[in-house]
Protein chains: 2
Amino acid sequence: MAHGGKLRPMKGIRQLAEHLDISIGTVSRALNGKPDVNEETRKRVLAAAEQLGYVANQSGRSLRQGTTNVIGLMIQSSRETVENSDNFFLTVTGGLQSVFSRHKLDLIMLPCPHDEDPYEYLKRMVARRIVDALIISETQRVDKRFDLLAKAKIPFAALGRSLSGTQHPWADLDFDGVANAAVDRLVAHGHRRIAVSAPSSDINLGFIFVDGYRRALERHGIAYDPALVIRAKSSEQGGYQVADELLGLENGPTAVILIYELMAIGFYRRVMEAGIIPGRDIAVVSFREAPRAKFLQPALTCFRTSVHDLGVELAEILLSSMPAYSQEYPRKTRQTVWPLELIPGESDAFRLKTAK
Amino acid sequence: MAHGGKLRPMKGIRQLAEHLDISIGTVSRALNGKPDVNEETRKRVLAAAEQLGYVANQSGRSLRQGTTNVIGLMIQSSRETVENSDNFFLTVTGGLQSVFSRHKLDLIMLPCPHDEDPYEYLKRMVARRIVDALIISETQRVDKRFDLLAKAKIPFAALGRSLSGTQHPWADLDFDGVANAAVDRLVAHGHRRIAVSAPSSDINLGFIFVDGYRRALERHGIAYDPALVIRAKSSEQGGYQVADELLGLENGPTAVILIYELMAIGFYRRVMEAGIIPGRDIAVVSFREAPRAKFLQPALTCFRTSVHDLGVELAEILLSSMPAYSQEYPRKTRQTVWPLELIPGESDAFRLKTAK
DNA sequence: CATAGTATCGTAAACGTTTACGGAGCGCGT
DNA sequence: ACGCGCTCCGTAAACGTTTACGATACTATG
C-alpha cells in the first residue's frame, strides 16, 4: 500500500508492475499462470491486481496472441424467428455458458439485423476478430456461412444440420425422429391420412421434419399426399392457417403433426371454431419448446426436451473441436442428434375405427 | 492485380500498403476517410481493400484509439426472465440496430449467466473493453451497475428507470400510466375492489406498476388493500397462482390488473376452472407484449406498444449521450417514458351494478 | 573448484492499427 | 528569387499485452 491505492481504474500492466517493483513481464506471467514465476511473487501480484482492480485490456491481449476468450452465438432474429423463437435462444445460451464459464470463456450473442445479409454480417464479425469461435444457429439447407468459416479457419459449431460439404460439428434436434415417432403413433391409432406442417422459411429443420414424415409414411405403406403438407409460419397465426387450409380439403386428414407448439394454439382455436375437438375428432401431435401450450384443453400430445442440455452438448462439441481445449473434451463424434421425449396427452387419445 | 490476388484472408494493412506501393499511413487515412489524402489514391485503396477482402483488425484498432464501434446490450436471462421475456429482447434489439447500423455500430448481446452476479459480470465486460457503450436492461430499483458505469466513464443508457443517484439516460415503458389508465377504466365500470399482480423479482418496473396502481386508487378515494396485491412470477404459472390466491379470499376482487399477458393465460384457465368467466364475472386488464394472448376468449383488454420503436428511442437516447454522436442526436431530455396504447377487448366489458 | 542444471526474473520485440509530425512538391504573389 | 500556403504523403511512435531469449543467482554434482 505504498503508492496510491485504488484510485482510478488502473492504467495498465505497466502501472501494476512498477507499483510492485517488478518487471512487467513477470507480472504478466504471474497473472497468466505461467510456470516461470515464484509462487511467492505470484501471490503478491495477484493480490495487488485484485486490490487495484486491474483487469487485462482485452484489445492488447488479443492483438498480441490473437485470441479473445469470447465465443459468439450468431442469431438471425429474422421476422419469423422473432415471432417464434421465444426463449429458445436464451435457454440454449444458459447451457452454453454453463460449460464456457468453466474455461473463462464469455459468450456474446451476435444478432444479425433483419435487413442485412447473414453472410455479409458474419463476414464482418469474423473480420472484427472479437470472437475466437462461433456458434451458428438457424442453419439453412445449404448455408454459405459454413464455407466462409471453414475458409477463415475459425472454429465453429452449428445448431442444426445442413447439407453443406464442410464436415463441421453440429448438434441438432432429432426432428426426423419426432416425425417418425409421431407417424408411428398415429398409425398405431388407426390413422391413415396424416397431415403435417412445414415451415415457410428454408430453415433446414423443416426439410428434415417433412422428410422424416415422408419416409415414415412410406414405411407404413401410406401414399404421400402433397396436399397434406401445409406450409405456414411457425406461430399461432400459422397454426390457424394450417387448420383453415385442412378444413378446406374435401378429403381431409384425421390427424395432424405440427412442427411447433405455438401452432397448436392457433390450430386448436380454428378447429374448435368449426366445432371440431382435438382428441375427439382430430388427432394433434406437436413439438413443444417451452411450456407455453400447457394450458391447452385437451392436453397436447407433444415431444419435448431440455434445450438447456442441448446447449451444454453443443458447447462441448465446439470446445472439442478447438485445439486449445480438445484434449479436455475428447470426442469420437462431433455430430449429435439430440433426442426428444414423448409427452402423451389427450389430443391424440382416440382411436380410429379403421374402415379396413 | 500485380501480386497475388485474393488468396488468404490478408495479413494486415501493411500487406495492403505494399501491394499498392503506398505507405501504410496513407492507406489507413484513406480507409478511415481522413482529409489528408488524394481522392484518386483513396479510390485505389478502397478498391484494393475490397478486392483483397481486407478488413481492419479490430484489436489493433481499438488498442490504438480505444474505441470498438460495438455497443453492448446486457441481459440477465435470469430464471424468471428466460421464462417470460419472450422475444422482447430480440424485438427491442431490432429497433436498436436500425439506428446503430446507420453509424456502422454493431450491437452485441451480453447475457449474464444465471449463476453469476450481474455486477461482477458487468465489471468484467467493462474491463474487457469490447464495447464502447452499454445498454442495461432489467433495471432494479437500486442498481449498483449504474454507479459502476458512471465511475468507469463508459456511456450507457438503461431500459427501465431506477432510483439510482446517477442521472443517466433511460427509456422505460409507462407502467405508471398503464396502472392509472387501467384503474380509471375499471372504476368507471363500477369496480371498487381491484386486484393487481406484482412481479416476484425486484425489477423496478414492478414497483412502478404497483405504485401507480396505489396512487390511482387514492385518487378515486378507494382504500388500498394489501391483500389485493399478489406477488407472482410473470408467467402462465404466475397467472394461475394469482387467480388461485384471489379465489381464496373471502372478500375477493371484481377486477384484476395483470402486469404481463402470459399471466392472463394462466389466470383465464384457473378462474374458468372455477366457473368464473372473464368479462362476465370478473374484469381482466393486462399488459400485452407480443401477440401471444390473442386467442384468449373472451378477448383480453390490454395495453400494448411497439417494442421495436422503443428500441429506436433508446438507441437515439444513448447516442445523444455519446460525445462522438451527440451533435447528430441533439436532445433536450434523455429520459423517456414510453406510452402504451389501450386495446379494448371483452375481458372487462361488463359494468358492475354498483351497490352504492 | 569448475561445471551443469534449475529457478526466477528482466529485456525487448512483436501483434495491427492510428496519428502527430514533418517533408516534399507545387502554385502563386511579391 | 523568395517565401508562403496548400496538398499530399511517409515516418515513427504509441496503444497494452505476451513471450522468446538471455541474464542472474543459487544448488547440486563431479
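The values are calculated or read from the model by the stated rules, or taken from the named source; none is laboratory data. Given the structure is predicted, the values throughout are model-derived calculations rather than measurements. Quick reminder, even Gly has a Cβ in these numbers, built from the backbone with ideal geometry, and neighbours come from all protein chains shown. The area values use the complete protein model at the heavy-atom level, side chains included, leaving out ligands, DNA and RNA. Shrake-Rupley method; radii C 1.70, N 1.55, O 1.52, S 1.80 Å.
How high is the FRET efficiency between A:I277 and A:V55 when r is their beta carbon distance and R₀ equals 60 Å, given to the nearest 0.05?
Numbers: r = 61 Å, r/R0 = 1.02.
For R0 = 60 Å, the calculated efficiency reads 0.50.
Return the Cα extents of the stretch B:258-356 along principal axes one, two and three, sorted largest first, each rounded to a whole Å.
60, 33, 15
In sequence order, what are the phi-derived ³J(HN,Hα) couplings for the stretch A:216-229 according to the Karplus relation 6.51 cos²θ - 1.76 cosθ + 1.60 with θ = phi - 60°, rounded to whole Hz, with x for glycine and proline?
For the stretch A:216-229, the Karplus curve yields 5, 4, 3, 4, 8, x, 9, 5, 7, 10, x, 5, 8, 9 Hz.
Of all the Cα-Cα pairs you can form in the stretch A:13-56, what percent are over 12 Å apart?
Of the Cα pairs, 51 percent sit more than 12 Å apart.
Under 5 Å between amide hydrogens, which residues at least 5 positions from B:N69 or on another chain qualify, with H placed 1.01 Å from N in the peptide plane?
For B:N69, the qualifying residues are B:D132.
Scan around A:F303 for amide H atoms under 5 Å from its own, H built in the peptide plane at 1.01 Å from N, and keep only partners 5 or more places away or cross-chain.
Those qualifying (amide H under 5 Å, at least 5 residues apart or on another chain) are A:S286, A:F287, A:R288, A:I343.
Cα-Cα pairs above 18 Å in the stretch A:194-242: how many percent?
Working: 350 of 1176 pairs.
Everything past 18 Å amounts to 30 percent.
At a Förster distance of 25 Å, what's the computed FRET efficiency of A:D115 paired with B:N69, Cβ-Cβ distance as r, to 0.05? Please report the intermediate quantities before stating the final value.
Working: r = 19 Å, r/R0 = 0.74.
Taking R0 as 25 Å, the efficiency between A:D115 and B:N69 is 0.85.
Using θ = phi - 60° and the Karplus curve 6.51 cos²θ - 1.76 cosθ + 1.60, what whole-Hz ³J(HN,Hα) does each residue of the stretch B:177-188 get, with Gly and Pro shown as x?
Using θ = phi - 60°, the values come out as x, 4, 4, 4, 5, 5, 4, 3, 5, 5, 5, 4 Hz.
Remind me, relative contact order of the stretch A:13-56 in percent, using alpha carbon pairs under 8 angstrom and six or more residues apart? Display every interim value, and only then the final one.
Values: 32 pairs, mean separation 15.9, N = 44.
Worked out over the stretch A:13-56, it gives 36 percent.
Every other copy gets compared here: list the nm distances from the B:R215 label point (7 Å along Cα to Cβ) to its counterparts, shortest first, one decimal.
6.3
Set the bar at 19 Å for Cα to Cα. Now go through A:K144/B:K104; A:K233/B:K233; B:K153/B:K332; B:K34/B:K153; A:K11/B:K153; A:K123/A:K153 and name every pair that lies beyond it.
A:K144/B:K104; A:K233/B:K233; B:K153/B:K332; B:K34/B:K153
Sequence gap at least 6, Cα distance under 8 Å: using those rules, report the relative contact order of the stretch A:175-304 to the nearest whole percent. Numbers along the way, then the final one.
On the way: 218 pairs, mean separation 31.2, N = 130.
The value is 24 percent.
Using DSSP, restrict attention to beta bridges with both residues in the protein assembly as shown and report what percent are antiparallel, rounded to the nearest 5.
10 percent
Do you know the relative contact order of chain B, to the nearest whole percent, from alpha carbon pairs under 8 angstrom that are 6+ apart?
Relative contact order here is 16 percent.
May I ask you to evaluate 6.51 cos²θ - 1.76 cosθ + 1.60, the Karplus curve with θ = phi - 60°, for each residue of the stretch A:11-21 and list the ³J(HN,Hα) values in order in whole Hz, giving x for glycine and proline?
Once θ is set to phi - 60°, the couplings for the stretch A:11-21 become 8, x, 5, 5, 4, 4, 5, 6, 5, 9, 6 Hz.
What is the helix-to-structure angle for B:88-100, meaning the angle in degrees between its Cα long axis and the longest Cα principal axis of chain B, kept from 0 to 90 and rounded to the nearest 10?
40 degrees
What do you reckon, how do A:D36, A:D184 stack up by accessible area (1.4 Å probe), largest on top?
I get A:D36, A:D184, largest accessible area first.
Could you please state, rounded to a whole Å, how far the C-alpha centre of the stretch A:279-341 is from the C-alpha centre of the stretch A:86-134?
Each part reduced to its Cα centre gives a spacing of 19 Å.
Kirkwood Rh and Cα-based Rg: tell me the resulting Rg over Rh for the stretch B:85-242, rounded to two decimals.
Here the Rg-to-Rh quotient is 1.04.
Provide the gained length on full extension for the span B:S306 to B:S101, in nm with one decimal, where the gain is 0.36 nm per separating residue minus the Cα-Cα distance.
Working: separation 205, 0.36 × 205 = 73.80 nm, distance 1.96 nm.
Contour length minus the Cα-Cα distance gives 71.8 nm.
If the convex hull of the alpha-carbon atoms of the stretch B:175-305 is projected onto planes in all directions, what is the mean projected area in square nanometres?
Average projection, Cα convex hull of the stretch B:175-305: 7.1 nm².
Could you tell me which residue in chain B puts its beta carbon nearest the axis mapping B onto A, with the distance rounded to whole Å?
B:M109, 2
If amide H atoms are built 1.01 Å from N in the plane of the peptide, which residues on other chains or at least 5 residues away come under 5 Å of the amide H of A:R161?
none
Hull surface divided by four, with the convex hull built on the Cα atoms of chain B: how many nm²?
Here the figure is 22.3 nm², rounded to one decimal.
Taking a quarter of the surface of the Cα convex hull of the protein assembly as shown, what do you get in nm²?
With every direction weighted equally, the projected area is 38.1 nm².
Taking only protein heavy atoms and a 1.4 Å probe, what accessible area per residue, in Å², does the stretch A:175-304 have with all protein chains in place?
Computed with neighbouring chains in place, this is 36 Å² per residue.
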